[in-house]
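K.L.:
Below is one structure. I have some questions about it.
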Amino acid sequence: MSAVELSRREKMLAHCAPIREERVDDRALRMALHRARKTEAFAIQQDFDKAATALVQAIPIPQEITDWIPTDTFIAPTRRAWKKYAQNPAFLATGIAVLVIAIITIFQLMERMNRFPGEPTARRLLTTASSTHAMLLDPVKTDAGALGDFFFRRSAIQKRERRANFPAGAQLNRSTGPAW
């Protein structure tokens, strides 16, 4: 084996190495073990640890202790995989809710980008124009600006409240009062 010099940190991590050859989750420990396997001292320590483990496991446990402490107490539970977490209904519901919120937000953002600054005015003009009878528009011969003023006046008149003593067909005129 080659003489590899380990740093102080790598030496401390190598002392924490598992006895069995199993996958190590910690990246720093995994890198330290990779470098330490090239040293003779680490191989000697691993051999000693394996022999000590075999010796300890060969010692029988007295019956009083097995009755007092159950054997499953010392077994660490296995880590749940991310797939198991993903199948949890609470996580599924949360994920679906976040997805729906994201879709709605994107939809509203796209809708807002398609609007233009004069949209409320244009909508009001179109609503007034659709409620106007065709015979009122036939004799009108004027430019578009004056037509806009006509629609604005008409919508303002429709919004005023009619007094109870006025007949249903009476029109309101701001300057002269009711036109019979």
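K.L.:
Report, by residue number, each residue of region 38-66 that is under 27 Å from T78 (Cα atoms) and at pLDDT below 85.
P.N.:
Within region 38-66, I61, I65, T66 qualify.
K.L.:
Can I ask one more? Could you go through region 72-81 and let me know if any residue there is under 49 Å from the mean Cα position of the chain (by Cα), at pLDDT 85 or above and assigned to a helix (DSSP H, G or I).
P.N.:
No, that holds for no residue.
K.L.:
For residues that are among the aliphatic types (A, V, I, L, M), free of Cβ contacts under 8 Å to residues at least 24 places away in the same chain and in a helix (DSSP H, G or I), tally how many sit in region 1-58.
P.N.:
14
The values are calculated or read from the model by the stated rules, or taken from the named source; none is laboratory data. Here the structure is a predicted model, which means the values were calculated and not measured. So basically every Cβ, Gly included, is an ideal-geometry build from the backbone, and we count neighbours across all protein chains shown.
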